[in-house]
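Readers should treat all values here as calculations from the given coordinates under stated rules, not as data from a laboratory. On a predicted model such as this, the values are computed, not experimentally measured, just so you know. Cβ sites come from the backbone with ideal geometry, for glycine too, and all protein chains shown count toward neighbours.
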Amino acid sequence: MNIIGPDLLVFGVDDVAACRQFASDYGLVADGDYGFMALDGTGIEIRAKDDDSLPAPLETGSMLRKTVYGVADQATVDAIASELSKDRDVKTFADGSIESVDDMGFVIGFQVTVRKSLQLSAEVINAPGATAQRGVNNVAVSKDDSPRPRSLSHVVYFVPDAPKQEAFYRDRLGFVTTDRFTHVGPFMRPAGTQDHHTVFFIQTPPHMKGIEHFTFHMGGPTDVVTAGTNMVNKGYQSFWGPGRHIFGSNWFWYFKSPFGCNMEFDADMDLHDESWEAREAMPGADNSQVFLLQYREKWAPMGPPPPKPEA
């Protein structure tokens, strides 16, 4: 199955205005009445929780109502429809996209991807002993920088049966497990991307089933820290970060959001192919990040006060 990754997350929320403001402050751009998009056209859709067009909510009331995956072509959509219709209902829409559910009851959709190819520079560094990546007189940062999210990266779900969910995505949709936390769950990527993961399933009690966080790729660690600092300055609550994960190696900074979950900035994720052998580690702080930084307000060292003029 040539699934590339998530194209769209559809939310039914309590406070539409707050969610729209958060999405805008995060750096997504409004598109139509409901959409907020990254640079490549992937994004989120924000609707009121009682919107009749939404799929039915989970029994837990999670605000995520649907995850839409982008695939390479219509033949892949049709193959997924054929596979899933063996044991569950599959809806087909006028545009050729489909909708069904996974084994935990999350609504999932599949469409020919909307992702646009991006031709953008990435963050580069100069380091002793290596050829300069950033040329002479080319400065790296500006205090006026306002980085934009580039692409919808991954989604993390709370699930009551992580092994069953892993088997569904592996056996029915062709996802590959790249790493796992023991007794917690797997990081997985679909066949159409080499990103370390586009989903991570976390084992939880049934009453917690829902979305834990979602994130967009940024252009580099400086983008993550700059965008996160902008969010703090706008009054949003930092949840975790900035720091750098071990599984995936991605830089991160998470914020509390009005979507009923956390929302993350990430950058510089590992890429893997079929030769990669999945690692396993016990959960915990030492295996979750290489380091964790703490935000503080801007500060500058001030020298001794100038001498007072003589009377």
Taking the stated definitions as given, is Ala140 crowded, with 17+ Cβ neighbours inside 10 Å and either over 20 Å from the mean Cα position of the chain (by Cα) or under 17 Å from Val71 (Cα atoms) (or both)? no
Wholly within the range 179-287, which strands (runs of 3 or more DSSP E) include no fewer than the required count, namely at least 2 residues that are of a type in the set (A, V, I, L, M, F, W, C)? 185-189, 199-203, 210-217, 238-245, 251-256, 262-267
Of all residues in the range 33-64 being under 15 Å from Asp7 (Cβ atoms) and not hydrophobic (A, V, I, L, M, F, W, C), which is farthest from the chain's Cα centre (by Cα)? Tyr34
Assuming Arg189 fulfils every condition listed in (1) among the basic types (Lys, Arg); (2) touching a Lys or Arg at 6+ places or on another chain (Cβ under 9 Å); (3) crowded, with 20+ Cβ neighbours inside 10 Å apart from one, which condition is it? (2)
Could you count how many residues in the range 288-311 are under 15 Å from Trp240 (Cα atoms) and assigned to a loop (DSSP other than H, G, I, E, B)? 4
Return the pair list, or none, for Cβ contacts closer than 7 Å from residues in the range 84-110 that are among the small types (Gly, Ala, Ser) to residues that are assigned to a loop (DSSP other than H, G, I, E, B) and surrounded by 13 or more Cβ atoms within 10 Å (Cβ to Cβ), at least 6 apart or on different chains. Ser100/Val90; Gly105/Leu58; Gly109/Ser97
In the range 70-90, how many are surrounded by 12 or more Cβ atoms within 10 Å (Cβ to Cβ) and outside any loop (DSSP other than H, G, I, E, B)? 11
Can you tell me which residue in the range 11-28 is surrounded by the fewest Cβ atoms within 10 Å (Cβ to Cβ), limited to those that are in contact (Cβ under 8 Å) with a residue 60 or more places away in the chain, not charged (D, E, K, R) and not in a loop (DSSP other than H, G, I, E, B)? Ala18
Give the residue that is nearest to the chain's Cα centre (by Cα), with candidates limited to residues of the range 106-136 that are among the basic types (Lys, Arg) and closer than 24 Å to Pro6 by Cβ. Arg115
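Criterion first (closer than 23 Å to Glu45 by Cα and either under 16 Å from the mean Cα position of the chain (by Cα) or in a loop (DSSP other than H, G, I, E, B) (or both)) does Ser153 satisfy it?
Criteria met by Ser153.
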Residue set Arg115, Arg170; condition touching a strand residue (DSSP E or B) at 6+ places or on another chain (Cβ under 9 Å), closer than 16 Å to Tyr69 by Cα and part of a helix (DSSP H, G or I); output residue Arg170
Residue count, the range 46-69 (criterion: outside any loop (DSSP other than H, G, I, E, B), small (Gly, Ala, Ser) and more than 20 Å from Ala23 (Cβ to Cβ)): 0
Answer yes or no: is there a residue in the range 249-261 that is among the charged types (D, E, K, R), surrounded by 12 or more Cβ atoms within 10 Å (Cβ to Cβ) and under 26 Å from Ser146 (Cα atoms). yes
With respect to Arg150, is the statement that it is farther than 19 Å from Ala267 by Cβ, in contact with an Asp or Glu (Cβ under 8 Å, 6 or more places away or on another chain) and touching a residue at least 60 places away in the same chain (Cβ under 8 Å) true? no
